[in-house]
Amino acid sequence: MDKSWMHSDRRSKAYEFGVEAFLNFAVENLLTTTHIRCPCVKCVNLKLFGVGIIRDHVYFNGIDQSYKNWTFHGEPWEATTNASRNVEKDDGHSRYSFVSEEIDMDDNDFGDFGSDPYEFANVIGDGDQPVYPGCRKYTKLSALVKLYNLMAKHGMSDVCFTELLILQGDLLPEGNTIPTSMYEAKKTLCALGLSYKKMHACPNDCILYRKEYEDSTNCPTCGISRWKEGKDSILKEGVPAKVVWYFPPIPRFKRMFQSHETAKSLTWHAARKSIDGQMSHPADSPSWKLLDDKWPEFGNEPRNLRLALSSDGFNPHSSLSSRYSCWPVILVTYNLPP
C-alpha cells in the first residue's frame, strides 16, 4: 500500500485520500469502527477511538510518520527471519540459543508481537549497541529502559516523553541510537515481551467487554452502563467505568524457552532427586505427584509448565480512606529450581 501521503501536506488531496484509505484498511482488518488505535502524533497508537475522532486527530495533529508498518491496524510484521541467527556472549557462549522445535501455539497468542520467532534476538542484539559511538556505560536498551522508568515514576505524558526522546537525541553525539518517538520506544519494549492489554469490564465484575461483547455499551447480565458516571450523573461516553490490565502469559513463556539456560532450568525438576527425603521444592509435594498420576500424558513431558495462581489486594495510595484498590493476579512458574 502506498504510504507516501503520510509525508504530504495535510491540506492536500493526496493526504485526504491517504487518510480515507488508511481508515478503510483499519476497519476491514480490525472489523470495528469504534475501537481503533489512533496513529496521530499525540496518541501514537496508545489510545482507542472511533473512526470519526481518529480522522479529526490525523488532520489536526498529523500522523506519526515513524509508524511505517501498520501492525496495530492489521498489517503483518515485516519478515526478517534468519534461522541461523544467534546472539553471542562476550565469552563466546551462546546467550540465546533457540530450541529447534517451537511450542505449538495459535498465532493469536502472540497478541501484538511479530510472527518472527527471532525478533527477540534481534532486539537484544540491537540493544547491545552503545547509546552513542564510544559510550561504555549505557547501551541503547539500558538507556531506553532507564528513560521509560523515569516516565512511569514521574507520570510523564506520552507527548512529554516523545519530546524528551527528541531532546536526548539532539544532546547526544551524532550517530546515537535513541528512538525519536514514543512509538519506536514502545515497539522496542514490546518485542521484549513486556506488552499488556487493557480490557473494559463490568463494574459489578459480570463480564469483560471482549469477543461478542466488544461493542456493547451495557452489561447483558446486570444492565449497568459500560461508561463512567461523572459528578453531574452524566455518563462519560468512551471513558470505561472499570478496566482490567492483562499481561498475556504465552509470549512470556515463549521468551523463557528462547533462552538455552532458562529452558534447561524449566526441565530441572524431572532429573532431580530428593536427597534427604524432605520437601525442598514443589516437585517433592503430594500435589505434584497427584497431578502426574491423574494426567500422565501431561506429567511425562517435563517441558510442560506447572503454574500457581496467586491473588491479593492492595491499596497503592497507602490510605485506608481511598476507595481505589488494585487486585493483581499472579502466575508463578513452579518448574524453576529454588
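Quick notes on this one:
- Residue selected from segment 1-22 under the condition among the hydrophobic types (A, V, I, L, M, F, W, C) and within 22 Å of S181 (Cα to Cα), by the criterion surrounded by the fewest Cβ atoms within 10 Å (Cβ to Cβ): V19
- Only one entry of P240, P179 meets the criterion of being open to solvent by less than 80 Å² (accessible area, probe 1.4 Å) and over 24 Å from I53 (Cβ atoms), and that entry is P179.
- Considering only residues in segment 177-223 that are within 19 Å of L30 (Cβ to Cβ) and hydrophobic (A, V, I, L, M, F, W, C), the one that is farthest from the chain's Cα centre (by Cα) turns out to be L208.
- T217 meets the conditions (1) touching a strand residue (DSSP E or B) at 6+ places or on another chain (Cβ under 8 Å); (2) closer than 30 Å to Y334 by Cα in every case but one. The failed one is (2).
- C135 outside any helix (DSSP H, G or I) and either without any contact (Cβ under 8 Å) to a residue 24 or more places away in the chain or not small (G, A, S) (or both): yes
- Condition check for R226: open to solvent by less than 70 Å² (accessible area, probe 1.4 Å), within 19 Å of the chain's Cα centre (by Cα) and of a type in the set (K, R): no
- When residues of segment 23-61 are limited to those that are touching a strand residue (DSSP E or B) at 6+ places or on another chain (Cβ under 8 Å) and among the charged types (D, E, K, R), the one most open to solvent (accessible area, probe 1.4 Å): K47
- Search result, residues across segment 123-137 that are modelled with pLDDT of 85 or more and within 11 Å of N176 (Cα to Cα): P130, V131, Y132, P133, G134, C135
- Subset of segment 23-49 [out of contact with any Leu (no Cβ under 7 Å at 6 or more places or on another chain), more than 22 Å from P179 (Cβ to Cβ) and free of Cβ contacts under 8 Å to residues at least 60 places away in the same chain]: L23, N24, F25, A26, V27, E28, N29, L30, L31, T33, L48
- Within segment 285-338, considering residues that are more than 24 Å from Q258 (Cα to Cα) and either among the β-branched types (V, I, T) or in a strand (DSSP E or B) (or both), the one modelled with the highest pLDDT: S310
- When the residues of segment 245-289 are filtered to those that are among the aliphatic types (A, V, I, L, M) and open to solvent by 90 Å² or more (accessible area, probe 1.4 Å), the one that is nearest to C202 (Cα to Cα) is M279.
- Scanning segment 98-111 for residues that are open to solvent by less than 70 Å² (accessible area, probe 1.4 Å), at pLDDT below 85 and small (G, A, S) turns up at least one hit.
The values are calculated or read from the model by the stated rules, or taken from the named source; none is laboratory data. Treat the numbers as computed from the prediction; the structure is a model and nothing was measured. Note: ideal-geometry Cβ built from the backbone for every residue, glycine included; neighbour counts use all protein chains shown. The area values use the complete protein model at the heavy-atom level, side chains included, leaving out ligands, DNA and RNA. Shrake-Rupley method; radii C 1.70, N 1.55, O 1.52, S 1.80 Å.
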